[in-house]
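Okay, structure first, notes after.
The values are calculated or read from the model by the stated rules, or taken from the named source; none is laboratory data. For clarity, every value in this text was computed on a predicted model and none was experimentally measured. Here Cβ is always computed from backbone atoms with ideal geometry, including for glycine, and neighbour counts include all displayed protein chains. Accessible surface is based on the protein model in full, side chains and every heavy atom, while ligands, DNA and RNA are left aside. Shrake-Rupley method; radii C 1.70, N 1.55, O 1.52, S 1.80 Å.
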Amino acid sequence: MKKLSLSLTIGWLYPELMSTYGDRGNIFVLKQRVLRRGFGAEVIEIDHSTTGKELSRIDMVIGGGSQDREQEIVISDLLKKKDAIKALFDSGTPGLFVCGSPQLLGHSYMTGDGTKLSGLGLFDMETIHPGAGKPRCIGNLVAEICDDMRYARGGMRKTIVGFENHGGRTILGRGVKPFAHVLVGNGNNGNDKTEGALCNNFIATYSHGPFLPKNPHIADYLISHALYKKYKKNIALKALDDSLAWNAHEAVLRKCGIVI
Amino acid sequence: MTKVSIRFYIAVFFGRFAQCVLRLIGKSAGGTWPGEIALFICPDFISRLKRESFRLVFVAGTNGKTTTGKMIQTILSAHSFSVRVNESGANLVNGLVSVLLSHPFVSKKPIVYVLEVDEASLPHALSAIAPDVLVLLNLFRDQLDRYGEIRAVVALWKKSIEALFPKTTIVANADDPSVAYVSSLHTGKVQYFGLEDPLLFQNKKEHATDSLYCPKCFRRLTYQGIYYSHLGIWTCGNCGNTHPDVALNAKNVTPPLKGTYNIYNTLAAVLASKVFGISAEDASRVLATFSPAFGRMESIAYKGRDIILLLSKNPTGFNQSLHLVLENKTSSILFVLNDRIPDGTDVSWIYDIELEELEHHKNLKCLVSGDRVYDMALRLQYAGVPTNYMFPYESPRDAIDNFITDSKEDEKLWVLATYSAMLDVRKILTGKKI
């Protein structure tokens, strides 16, 4: 058998500014799952010095959570890279944005003290932080992924589990679909049961920090789309032993009273 | 200034009565209920105390409160003070009142209360009563689900220190930029401690590092060297905010416990004792016989084995524990991860720990347990621990039993556990609570 020399480049958005709580877990998972399939994996840390040319090499883009002040620094730099990010988005490059980073994708984000930050405008959605007086959305989050995504690559597990801790409330517009339907927790705004958003292959979720370890199906979704986009063909992923991951996933479901 | 009223005495009576009842039914008297009851009856309980009849020390910070508090207690007790401390876990205002209630208000020796106060309760505690000494240890990432962002905590501390009673002496860690900065705003006396030892600088920056930015102007700080996390010799090139001079450094003390973090705890305790007129030499002599607080490097003999408990409840504390364990060339570690309220309900932080260090210790047996056993096992799997070296058990008792059957006499097991997990393990080993 000819040895595969496929490889993927993972773009990690502002690791220093967007790593509030274990966010790098997503990078560990993606990198190792790519390596365990015998492919090459490279992680590029995106910051203010990253050029448009470097961005164009990225096969997958990952964003974590940040505190409000860091978010301001990030968005002001990201707006300068808007064209390159939009090119990735339009071409079907997969992305995962957890915690507060989806706010960067929408039209705007109103912070707790009333400052309106512009977003990249890639996702038809808006976020408003109702101020320090309103309770934050904190706790375990369980949701069912939308059908579009679930059957895109021949069916996958229905549930996602995570932990949310956010002040902002997001309302989706017509141009974007929810990533999942909330079973337990708040999701986008605590009212309409939508959780996160999905557009092209960018996934936004209010789950924060290490979302992928307990959701290996989403990790593999990102990897297969990245391979498809880069090599223009479906490349089957070798199954891995995910028993610990599913045990951890199911422990959260049980904790939240979901019968499996 | 005496403002004792009938209401106050009723509160004392019912608070103490509750304490007796709790003791009778076998609950720990250190719980917060007696304080809760007294405060319900007399909301301004604290301000009605005869303030001149006792002295008060607050120990605040993310890590090291219990050990530092116990060190201060040890030093002062050996110098004819009657010292009272709050039981672990009970470090809120109601816990404080519970401690006050659990002892007579008068004593032949001068009374000193040494109370640990968690970072979020500090502003509340300071507005309720001004301590004679305020020890500020450090601020690390911990339980975002409860305490919020580090920066919000710093802002709260800043506000309460600006309003602090000028007669309070602050004993502060100069190596922690946020702690040093907020302390510098105090109108009264501030005494700093720091390691001042470049040999202790670490080579590699840890991931879970929050405060590399100036707490005053938010620009990036320049470090001459880092001891661990964000503790080091720092300066801000932008606003001129810089590491203050220290009154006590690592060369002045002999820590009774291993680990860099225990040098800090020792420095804090010795410097705080100086405020009571005890010299660093005297304090160090007393500490030579110091035994650790429960679960803080506490060694328990169990079925012929030596089991050492290391409370590890946030990335910085965990990294320090792991460092210590690996230095000791151990053959078995037990990780116990819980997600109950005292542990923090969010376990995301385990991805901020430098578990990748385990790659260099291939033959280490990793036992895993706790409410979130699979989360921890999965984390270890991604850190490269091979399946045949990993043993997940839903029950901590099963994990310990496995170690007993699988180990030889005198073999050591190091246990890294979150707060409630540590209590669970301790109960298994000693057969009793706390």
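Among the residues making up the stretch A:121-141, those that are open to solvent by 50 Å² or more (accessible area, probe 1.4 Å) and over 20 Å from the mean Cα position of the chain (by Cα) are A:Pro130, A:Ala132, A:Gly133, A:Lys134, A:Pro135, A:Arg136. Looking at the stretch A:1-120, the helices (runs of 4 or more DSSP H) lying wholly inside it that each contain 3 or more residues that are surrounded by fewer than 18 Cβ atoms within 10 Å (Cβ to Cβ) sit at A:25-36, A:52-56, A:68-80, A:82-90. Of all residue pairs spaced 6 or more apart or on separate chains, those with beta-carbon atoms under 7 Å, a first member in the stretch B:243-269 that is farther than 11 Å from B:Gly64 by Cβ and part of a loop (DSSP other than H, G, I, E, B) and a second member that is open to solvent by 40 Å² or more (accessible area, probe 1.4 Å) and hydroxyl-bearing (Ser, Thr, Tyr) are B:His243/B:Thr235; B:Pro244/B:Ser184. Residues of the stretch B:365-386 that are within 14 Å of another protein chain (Cβ to nearest Cβ) and open to solvent by 20 Å² or more (accessible area, probe 1.4 Å): B:Asp371, B:Tyr374, B:Gln381, B:Gly384, B:Pro386.
Where helices (runs of 4 or more DSSP H) sit wholly within the stretch A:142-260, those with at least 2 residues that are surrounded by fewer than 16 Cβ atoms within 10 Å (Cβ to Cβ) occupy A:147-150, A:243-255. In the set B:Tyr393, B:Tyr389, B:Tyr419, only one residue is within 12 Å of B:Asn338 (Cβ to Cβ) and either over 23 Å from the mean Cα position of the chain (by Cα) or away from chain A (no Cβ under 14 Å) (or both); that residue is B:Tyr419. Apart from one condition, A:Gly11 fits all of (1) out of contact with any helix residue (DSSP H, G or I) (no Cβ under 6 Å at 6 or more places or on another chain); (2) farther than 20 Å from A:Ser207 by Cα; (3) away from chain B (no Cβ under 11 Å); the exception is (2).
Applying the criterion of being among the charged types (D, E, K, R) and in contact with a helix residue (DSSP H, G or I) (Cβ under 8 Å, 6 or more places away or on another chain) to the residues of the stretch B:50-109, the residue that is nearest to B:Met297 (Cα to Cα) is B:Glu87.
In the stretch B:240-262, the residue that is surrounded by the fewest Cβ atoms within 10 Å (Cβ to Cβ) out of those that are among the small types (Gly, Ala, Ser) and within 28 Å of B:Glu298 (Cβ to Cβ) is B:Gly259. The set of residues in the stretch B:301-338 that are among the hydroxyl-bearing types (Ser, Thr, Tyr), farther than 24 Å from B:Gly61 by Cα and surrounded by 19 or more Cβ atoms within 10 Å (Cβ to Cβ) contains only B:Ser332.
Please state which one of A:Asp68, A:Asp59 is in contact with a Ser or Thr (Cβ under 7 Å, 6 or more places away or on another chain), charged (D, E, K, R), under 16 Å from A:Tyr231 (Cα atoms) and touching a residue at least 24 places away in the same chain (Cβ under 8 Å). Testing whether each residue is in contact with a Ser or Thr (Cβ under 7 Å, 6 or more places away or on another chain), charged (D, E, K, R), under 16 Å from A:Tyr231 (Cα atoms) and touching a residue at least 24 places away in the same chain (Cβ under 8 Å) leaves just A:Asp59.
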